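Derivation of every value follows stated rules applied to the coordinates shown; laboratory data play no part. Only a predicted model underlies this, so the values are computations on that prediction, with no experimental measurement involved. For neighbour counting, all protein chains shown are included, and Cβ atoms are generated from backbone atoms with ideal geometry for every residue, glycine included.
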Amino acid sequence: MTMDADVEAGQAIYTPATLKAYDWFVLGFSNRLLWRCPTGHLRDLYARNVGARHLDIGVGTGYFLDTAPWPAPRPDITLVDLNAHSLAAAARRIARFSPQTVTANCLEPLPVTGGFSSIALGYLLHCLPGSIAGKAVVFDHAAPLLAPDGVLFGATILQGDAPRSAPARALMKFYNKKGVFSNAADTFQDLVFQLESRFADVMTRRIGAVALFEARRPFCASRRNSD
Ligand SMILES: C[S@@+](CC[C@H](N)C(=O)[O-])C[C@H]1O[C@@H](n2cnc3c(N)ncnc32)[C@H](O)[C@@H]1O
């Protein structure tokens with residue numbers, strides 16, 4: 001797989017060591033004290049939206065997959081990530097559900113079969129290079145994979161116009177310099193615009209520096225088979 005250096009940088013930080021620290025540093029410390037969106041809001045987002053056939057893109061440690069109240073005893077879960085360490089960590093964590101794993105760059109068409117009742121993009125967009133308009137290609141790749149009554153949901157950390165404390169600004173600047181985040185120009189308005197251009201039913205909310213979204217009824221047609 002050949003890859004742009006910026007795309008590579010957005011996933012390179014996820015090693016076995018950093019993944020061990022992720023839950024407490026990102027989901028515990030940073031969400032509450034820096035981004036001002038306590039993780040409970042993101043758990044609620046999952047709880048409201050996960051379906052019996054779920055696609056998770058950008059899986060990290062699999063924390064939300066592990067804690068979600070699944071609507072079926074054995075949900076059919078597919079994990080997509082560019083990073084083998086993230087995929088392995090999340091798959092191990094929810095081994096009880098025997099998830100399928102797919103190594104793929106979400107900025108390219110996804111090699112998975114459609115018909116998902118839910119698709120999650122949790123804290124993925126701020127890792128991707130470019131503007132929100134460019135990152136929104138992920139919505140184009142994911143939307144045709146939704147079942148007709150399916151939902152695409154997720155969250156992303158904003159920079160553009162989001163209110164942030166000095167420590168939050170400093171850490172975000174550092175992450176952007178290293179390429180861990182690429183959200184310098186990401187605004188809530190741009191995200192809403194890109195979602196509303198693709199889905200008939202869009203709900204968004206900003207909590208602290210985090211945008212949460214839920215989108216249904218894509219304007220594009222569903223794609224049940226990978227082609
Ligand atoms: C910040 S973690 C998010 C983890 C989890 N979804 C959460 O909400 O906490 C971002 C994940 O996206 C993955 N990722 C980054 N760039 C990607 C890309 N271009 N394609 C697929 N996955 C990518 C990373 O490897 C990492 O596992």
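Some values worked out for this structure:
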quantity: Overall form of the stretch 141-191 per C-alpha gyration tensor (a/c, 1.5; a/b vs b/c); calculated: prolate
quantity: DSSP-defined beta bridges in the chain - what % are antiparallel, rounded to 5; calculated: 45
quantity: The chain: C-alpha gyration tensor shape, a/c 1.5 cut-off, then a/b vs b/c; calculated: rounded
quantity: Cβ charges +1 (Lys, Arg) and -1 (Asp, Glu), total dipole of the stretch 1-87, debye; calculated: 420
quantity: Selection from HIS85, VAL192, ALA5, by position along the positive dipole direction of the chain (Cβ); calculated: HIS85
quantity: Protection proxy ranking, peptides 143-150, 179-186, average beta carbon neighbours within 10 Å, highest first; calculated: 179-186, 143-150
quantity: Global form of the stretch 1-119, assessed from the alpha-carbon gyration tensor, a/c cut-off 1.5; calculated: oblate
quantity: Among GLY114, GLY62, GLY28: highest mean-square fluctuation, GNM of the chain, C-alpha pairs under 10 Å; calculated: GLY28
quantity: Helix runs (DSSP H) in the chain reaching 27 Å along axis by Cα, Kyte-Doolittle at least 0.5; calculated: none
quantity: Neighbourhood charge, 12 Å Cβ-Cβ cut-off, centred on VAL151 and excluding it, Lys, Arg +1 and Asp, Glu -1; calculated: +1
